[in-house]
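The structure appears below as structure tokens.
The values are calculated or read from the model by the stated rules, or taken from the named source; none is laboratory data. As the structure is a computational prediction, the values presented were derived from the model and not from experiment. Cβ: placed from backbone, ideal geometry, glycine included. Neighbour counts: every protein chain shown.
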Amino acid sequence: MFPTPIERTQPRTRFAYKVFLPIALILWLLPLLGVALTSVKPAADLDSGNYFGAPSRIAIENYWLVFKNSNIGYYFWNSIKVTVPSVLVSIGLSLLAGFALATYSFRSNLIIFFMIVAGNYVPYQILAIPVRDLPININLYDTTLGLALTHIAFQTGFCTLFMRNFIKALPNALIESARVEGVSEWRIFCYIVVPLVRPAIAALSVLIFTFVWNEYFWATIMSQSVDVRPVTAGINELSGEWKARWELISAASILTAAPPVLMFFLMQKHFIAGLALGATKG
Amino acid sequence: MKPVPAAPRRRRKRLDLTPWLFLAPAIMFFLVYVVVPIGQSISISFLEWDGLGEKKWIGLQNYQDLLKDEAFYVSLKNNLIWLVLYLLAIPAGLFLALFLNQTVTGMRLYKSLFFFPFVISNVVVGLIFSWFYTPDFGLMPKIIGFFTGEEIAVLANESLATYGIVAAGLWPQIAYCMILYLTGLNSINPELVEAARLDDAKGFKMLWYVILPQLRPATFIALVVTVIGALRSFDLVAIMTVGGPWGSSRVLSYFMFEQSLSEYGTSMGYGAAIAVVLFAIMLVFITMFIVRMIIQERTA
Amino acid sequence: MAKVKLSGIRKSFGQSEVIKGIDLEIPAGSFCAFVGPSGCGKSTLLRMIAGLEDITHGSLEIGGQEMIDVAPAKRGVAMVFQSYALYPHMTVAENVTFGLRMANHPKRDTEQRCLEAARMLKLEELLDRKPSQLSGGQRQRVAIGRAIVRNPDVFLFDEPLSNLDAALRVEMRAEITRLHAKLDATMLYVTHDQVEAMTMADMIVVLDKGMIEQVGSPLGLYHEPNTLFVARFIGSPRMNTFSVNLCDAGDGNVSCMLPGGSSIQLDGSSLRTGKATFGIRPEHLDVVADGHLQGKAVLCERLGSETMLHVDIGLADPITVKADGLTNVTEGDAVGLKLNPKACHLFGPDDRRVRSGSLQ
Ligand SMILES: Nc1ncnc2c1ncn2[C@@H]1O[C@H](COP(=O)(O)OP(=O)(O)O)[C@@H](O)[C@H]1O
Ligand SMILES: [Mg+2]
């Protein structure tokens, strides 16, 4: 292991490490801790200039006020309506595409694969004008479906890259053995590949959930009405309305961040495994 | 020898079609949402068009205007600042990863908490840092004030705003690089490190000659996501300063948004031209990355 | 049971040709082993027969039917992979019956065949386990069981024993041989281990660089290798070889100039003069006081039943001699070696046989 495991160093180093570790963490998360603290301060504290001290009492009502004073409840629901189908469909499509790219050697295989990789990295602005017009032409502008389709299109690229590498790492003999046994390609896909890539599906689900939930650019340009606007776009609008009501902005921020954070903690192993696959495969 | 029967030839045809059936839905999306729009955007960049009315072909006029537009140079300069400073996330992430690559009890939780900023939406990061930088409420002016005797509102300062935003962007990006390096460190064969120890490699030498070469895949991914992330930066600018003060923190992506996508932005042609320039810049990097990946795929 | 016939088979991956024209007829019911160094194209050849690789050129018949355009599953073959290729998410029974179930084979018969295969391979107790709960040898048996239930005409094995330890390998060797007798099927068996080929097969195909070096029975290859490559590949420890000069000694004999100055007269060589490669197996050399070759023992490997002597006779590599287990030669001793003229092989400058040392 590198660096030298701390248990094998001098007691003094070990002690210093154990003391410094929590301090480093607090410094690292200082902005976040500040916001969390502000979110439970009563408005009066801020008015009287208590910006950095402990709150005079824990004002949970800020969170309640956020819901009462804004449409954030709708925004949350909109985000869920966009995120969940995006995750499901993009993973489904990438399973199919990843299987094809990983197990068949046809001439344009690598070309398609690297086109998809490249597509993953283009700036959204080069796509934005036509993509925004796309749902307008088919009456899907400013609908959850229109926004979800956009997310699906862009996340499928990333998922395909990921799935293809994962399936390629499976022992090829598993698939060939089934072919010799006369199993159809579709059944090989359903009965062998899909069960074996479950870890990848889990990892991708968390990652894509986080990516789509947190997305801002498409959320702003593809949605306008209260029953479409996802929470990232919604909260930015609210912060403009609330100006200096930092206790409300803070509470809303914490609420917006909560679902991916929760997801991350529940499925931490898969989340890291997902990113790791990228790191060791690249 | 018996004559080869002709009928079964059909099977091969079908086998050739199979991958395309699996690929079809994904490729459809890819064509409709990526390939075709790139072409359309490029053609829009030669038009004068408000998005609704008549389209007028004006050739390279948009690009000529762009070259005379001060805002374009400001955005370009800011993109460069983003790119250079963002790269700091790589060594910083490596440093954090080395710091956290221990097996002290509770280390898993520490690692997750350090990773936290990456999980949070950029919108929230932007809001958090806006608060952090605000005069009176925020901590940052107090800290600056403590050292310089003058409380500075970072985001309201023309020459500091971009740096303030980049700092906010570095926070999640460092966390991302950290996790890439942590998993990379995890996959290094411990026997290799031990062999190096027996060869008396220590500290920085060990890092430089043994560990870093092993971490090359992680470094490559970190480089890709950092460069792409820097050039794509949009969210934080939109949330923290909306390009201000007086346009001083614009980047190309936000400049384009202002011109064509925002509430008052109706110059589709001009915006498309900006997007084409940004795309061209990124294409240089994308091509470099892809070439390396292809070489790797060939040798694998 | 089916005959397998390859005619003019070639295979290229992109620019590089890996199989360079194979003509071969494998009789129905035989146990045919393909041996050769790794990378010589054995797996590729087997995979072409299975239908997993396209055949670039040539024709393939199984049981008298052209197979080039027939799907793998329709060729009547079953394949056992080196890595076993067991599906990790299925139990042993599910693994064994997967192919039948996917083909909607009648349920009753599927179970019947599964039980029968399990009995044959002593897997009855393990049917509900997952592959991860099995030992290497057990996994190997499951892989074979999966092939058996399909009642194939031809079994294809790709180095099936190479992941097992030495003792298990010997055991499984015997087991596969027994199965061959019982199942009455044609078996094609790929291995890089000539001992496996020698002990199991009735027909051996030696491959090198994508071409057939020689086809024959185990003893045929051992005693009458056609090429220097086969001579050195078959047999362990390998045949001693060194270069010699030939000159015509009249009466149909040639005289070989051996290292160290002495010479030996051999009959029946088609090459009369010039450079040649001389070959003799370790067991055909006798330790004597004053023989054809003189040297010094540099290493004595005592195996009990026999002793392998490595004798330095002034060449780059020492000569291996199989001596009696109780020989009193020790390292450093000077030894003389007598050659049995009937066991001396000669290979011409193109490495093809010019004289066979078949002991006849
Ligand atoms: N899919 C492939 N693409 C390119 N070259 C291959 C492929 N499969 C095998 N080869 C090459 O073909 C040669 C023979 O391989 P193989 O049949 O696996 O050898 P063996 O099984 O005898 O060890 C090797 O040089 C190998 O590199
Ligand atoms: Mg092989």
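So, C:GLY8, is that one within 14 Å of chain B (Cβ to nearest Cβ), without any contact (Cβ under 8 Å) to a residue 60 or more places away in the chain, surrounded by fewer than 22 Cβ atoms within 10 Å (Cβ to Cβ) and more than 9 Å from ligand 1 (Cβ to nearest atom) or not? Step through it out loud before you land on a result.
Working: within 14 Å of chain B (Cβ to nearest Cβ): yes; without any contact (Cβ under 8 Å) to a residue 60 or more places away in the chain: yes; surrounded by fewer than 22 Cβ atoms within 10 Å (Cβ to Cβ): yes; more than 9 Å from ligand 1 (Cβ to nearest atom): yes.
Yes.
Pick from C:GLU17, C:GLU94, C:GLU61, C:GLU25: which is acidic (Asp, Glu), assigned to a helix (DSSP H, G or I) and either in the same structural domain as C:MET198 (by TED's automatic domain parsing) or within 16 Å of ligand 1 (Cβ to nearest atom) (or both)?
Details: C:GLU17 fails: assigned to a helix (DSSP H, G or I); C:GLU61 fails: assigned to a helix (DSSP H, G or I); C:GLU25 fails: assigned to a helix (DSSP H, G or I).
Just a single option satisfies the conditions, and that option is C:GLU94.
Given the conditions (1) surrounded by 13 or more Cβ atoms within 10 Å (Cβ to Cβ); (2) of a type outside the set (Lys, Arg); (3) in contact with a Pro (Cβ under 7 Å, 6 or more places away or on another chain), report the number of the one that A:SER56 does not fulfil.
All conditions pass for A:SER56, except number (1).
In the set A:ALA200, A:ALA219, which member is closer than 26 Å to A:LEU101 by Cβ, small (Gly, Ala, Ser), surrounded by 22 or more Cβ atoms within 10 Å (Cβ to Cβ) and away from chain C (no Cβ under 12 Å)? Let's see the steps before the verdict.
Numbers: A:ALA219 fails: closer than 26 Å to A:LEU101 by Cβ.
The conditions single out A:ALA200.
Looking only at the range C:152-180, count how many residues are under 27 Å from C:VAL230 (Cβ atoms), within 14 Å of chain A (Cβ to nearest Cβ) and either more than 14 Å from ligand 2 (Cβ to nearest atom) or of a type outside the set (S, T, N, Q) (or both).
Total satisfying the criteria: 7.
Based on this model, can you work out whether C:LYS42 counts as more than 14 Å from every other protein chain (Cβ to nearest Cβ), within 16 Å of ligand 1 (Cβ to nearest atom) and either of a type outside the set (Ser, Thr, Tyr) or closer than 20 Å to C:LEU183 by Cβ (or both)? Before you say what the answer is, go through the steps one by one.
Numbers: more than 14 Å from every other protein chain (Cβ to nearest Cβ): yes; within 16 Å of ligand 1 (Cβ to nearest atom): yes; either of a type outside the set (Ser, Thr, Tyr) or closer than 20 Å to C:LEU183 by Cβ (or both): yes.
For C:LYS42, the condition - more than 14 Å from every other protein chain (Cβ to nearest Cβ), within 16 Å of ligand 1 (Cβ to nearest atom) and either of a type outside the set (Ser, Thr, Tyr) or closer than 20 Å to C:LEU183 by Cβ (or both) - is met.
Among the residues of the range C:56-80, write down those that are at the interface with chain A (Cβ under 8 Å from one of its Cβ atoms) and either over 12 Å from A:GLU181 (Cβ atoms) or touching a strand residue (DSSP E or B) at 6+ places or on another chain (Cβ under 6 Å) (or both). Let's see the steps before the verdict.
Looking only at the range C:56-80, we keep the residues that are at the interface with chain A (Cβ under 8 Å from one of its Cβ atoms), and these are C:71-74, C:77-79.
Once the filter is applied, which keeps residues that are at the interface with chain A (Cβ under 8 Å from one of its Cβ atoms) and either over 12 Å from A:GLU181 (Cβ atoms) or touching a strand residue (DSSP E or B) at 6+ places or on another chain (Cβ under 6 Å) (or both), the range C:56-80 yields C:VAL77, C:ALA78, C:MET79.
Out of C:ASP208, C:ASP153, C:ASP202, C:ASP193, report the one residue that is within 22 Å of C:LYS42 (Cα to Cα) and touching a Cys at 6+ places or on another chain (Cβ under 6 Å).
Numbers: C:ASP153 fails: touching a Cys at 6+ places or on another chain (Cβ under 6 Å); C:ASP202 fails: touching a Cys at 6+ places or on another chain (Cβ under 6 Å); C:ASP193 fails: touching a Cys at 6+ places or on another chain (Cβ under 6 Å).
Checking each option against the conditions leaves just C:ASP208.
Please count how many residues of the range C:124-157 are among the β-branched types (Val, Ile, Thr) and part of a loop (DSSP other than H, G, I, E, B). Spell out how you get there, then give the answer.
Here is the first cut: in the range C:124-157, the ones among the β-branched types (Val, Ile, Thr) are C:142, C:144, C:148-149, C:154.
If we keep only those that are part of a loop (DSSP other than H, G, I, E, B) as well, we get C:149.
Residues that pass the stated criteria total 1.
Would you pick out the residues in the range C:181-205 that are more than 16 Å from ligand 2 (Cβ to nearest atom) and under 21 Å from C:GLY36 (Cβ atoms)? Walk me through it before giving the result.
At the first step, the residues of the range C:181-205 found to be more than 16 Å from ligand 2 (Cβ to nearest atom) are C:181-187, C:195, C:198-204.
Hits for the range C:181-205 are C:THR186, C:MET187, C:VAL195, C:MET198, C:THR199, C:MET200, C:ALA201, C:ASP202, C:MET203, C:ILE204.
Those residues that are within 25 Å of C:ILE234 (Cβ to Cβ), among the small types (Gly, Ala, Ser) and outside any strand (DSSP E or B), I need them from the range C:28-58; list them, please.
Step one: of the range C:28-58, the residues within 25 Å of C:ILE234 (Cβ to Cβ) are C:29-49.
The next check asks that each one be among the small types (Gly, Ala, Ser); those that pass are C:29-30, C:33, C:36, C:38-39, C:41, C:43.
Answer for the range C:28-58, where residues must be within 25 Å of C:ILE234 (Cβ to Cβ), among the small types (Gly, Ala, Ser) and outside any strand (DSSP E or B): C:GLY29, C:SER30, C:GLY36, C:SER38, C:GLY39, C:GLY41, C:SER43.
Does C:LEU221 fit the bill of being within 17 Å of C:LEU293 (Cβ to Cβ) and aliphatic (A, V, I, L, M)? Step through it out loud before you land on a result.
Working: within 17 Å of C:LEU293 (Cβ to Cβ): no; aliphatic (A, V, I, L, M): yes.
It is false that C:LEU221 is within 17 Å of C:LEU293 (Cβ to Cβ) and aliphatic (A, V, I, L, M).
Restricting to the range C:185-225, count the residues that are within 18 Å of C:GLU25 (Cβ to Cβ) and of a type outside the set (A, V, I, L, M).
Number of matching residues: 8.
Being touching an Asp or Glu at 6+ places or on another chain (Cβ under 9 Å) and over 22 Å from C:GLN65 (Cα atoms) is the requirement here; does C:VAL195 meet it? Write out each step before concluding.
Details: touching an Asp or Glu at 6+ places or on another chain (Cβ under 9 Å): no; over 22 Å from C:GLN65 (Cα atoms): yes.
In short, no.
For the range B:41-93, which positions are part of a loop (DSSP other than H, G, I, E, B) and under 21 Å from B:GLY244 (Cβ atoms)?
Our first condition is that a residue be part of a loop (DSSP other than H, G, I, E, B); within the range B:41-93, this holds for B:45-46, B:49-55, B:58-60, B:69, B:87-88.
Correct list: B:ASP69 only.
Pull up the range C:194-221, narrow it to residues that are within 12 Å of ligand 1 (Cβ to nearest atom) and in a loop (DSSP other than H, G, I, E, B), then point me to the one that is surrounded by the most Cβ atoms within 10 Å (Cβ to Cβ).
Among them, the one singled out is C:GLY210.
Exactly one condition in (1) in a helix (DSSP H, G or I); (2) more than 7 Å from chain A (Cβ to nearest Cβ) is not met by B:SER248; state its number.
Every listed condition holds for B:SER248 apart from (1).
If we keep just the residues of the range C:148-179 that are within 16 Å of ligand 1 (Cβ to nearest atom) and surrounded by fewer than 18 Cβ atoms within 10 Å (Cβ to Cβ), which is nearest to the chain's Cα centre (by Cα)? Walk me through it before giving the result.
We begin by selecting, within the range C:148-179, every residue within 16 Å of ligand 1 (Cβ to nearest atom); these are C:156-163.
This time we only want the ones that are surrounded by fewer than 18 Cβ atoms within 10 Å (Cβ to Cβ), so: C:162-163.
Details: C:SER162: 13, C:ASN163: 17 Å.
Among them, the one singled out is C:SER162.
Output the number of the condition that C:ALA78 fails; it satisfies all remaining conditions of (1) more than 16 Å from ligand 2 (Cβ to nearest atom); (2) at negative phi; (3) not in a strand (DSSP E or B).
Of the numbered conditions (1) more than 16 Å from ligand 2 (Cβ to nearest atom); (2) at negative phi; (3) not in a strand (DSSP E or B), the odd one out for C:ALA78 is (3).
Hey, can you tell me all the residues within the range B:96-125 that are within 25 Å of the chain's Cα centre (by Cα), farther than 22 Å from A:GLY274 by Cα and more than 8 Å from chain A (Cβ to nearest Cβ)?
B:VAL125 - this is the single residue of the range B:96-125 that is within 25 Å of the chain's Cα centre (by Cα), farther than 22 Å from A:GLY274 by Cα and more than 8 Å from chain A (Cβ to nearest Cβ).
Please pick out the residue among A:LEU149, A:LEU161 that is in contact (Cβ under 8 Å) with a residue 40 or more places away in the chain, hydrophobic (A, V, I, L, M, F, W, C), in a helix (DSSP H, G or I) and away from chain C (no Cβ under 14 Å). Please lay out each step first, then the result.
Working: A:LEU149 fails: in contact (Cβ under 8 Å) with a residue 40 or more places away in the chain.
Step by step, each of A:LEU149, A:LEU161 is checked, and only A:LEU161 is in contact (Cβ under 8 Å) with a residue 40 or more places away in the chain, hydrophobic (A, V, I, L, M, F, W, C), in a helix (DSSP H, G or I) and away from chain C (no Cβ under 14 Å).
If B:PHE29 satisfies every condition in (1) touching a Ser or Thr at 6+ places or on another chain (Cβ under 8 Å); (2) more than 13 Å from chain A (Cβ to nearest Cβ) but one, which is the exception?
Failed condition: (2).
Select from the range C:28-54 the residues that are closer than 17 Å to C:VAL215 by Cβ and either of a type in the set (S, T, N, Q) or not assigned by TED's automatic domain parsing to the domain that holds C:THR191 (or both) and list them in ascending order.
C:SER30
Here's the yes/no breakdown for (1) surrounded by fewer than 21 Cβ atoms within 10 Å (Cβ to Cβ); (2) touching a helix residue (DSSP H, G or I) at 6+ places or on another chain (Cβ under 6 Å); (3) touching a residue at least 24 places away in the same chain (Cβ under 8 Å):
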site: B:TYR133; (1), (2), (3): no, yes, yes
site: B:GLY138; (1), (2), (3): no, yes, no
site: B:ILE143; (1), (2), (3): yes, no, no
site: B:ILE179; (1), (2), (3): no, yes, yes
site: B:GLY184; (1), (2), (3): no, yes, yes
site: B:ASP200; (1), (2), (3): yes, no, no
site: B:LEU207; (1), (2), (3): yes, no, yes
site: B:ALA222; (1), (2), (3): no, yes, yes
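Restrict the check to the range A:245-260 and report whether at least one residue is closer than 29 Å to B:SER253 by Cβ, more than 22 Å from the chain's Cα centre (by Cα) and within 10 Å of chain B (Cβ to nearest Cβ).
Yes; the residues of the range A:245-260 include at least one that is closer than 29 Å to B:SER253 by Cβ, more than 22 Å from the chain's Cα centre (by Cα) and within 10 Å of chain B (Cβ to nearest Cβ).
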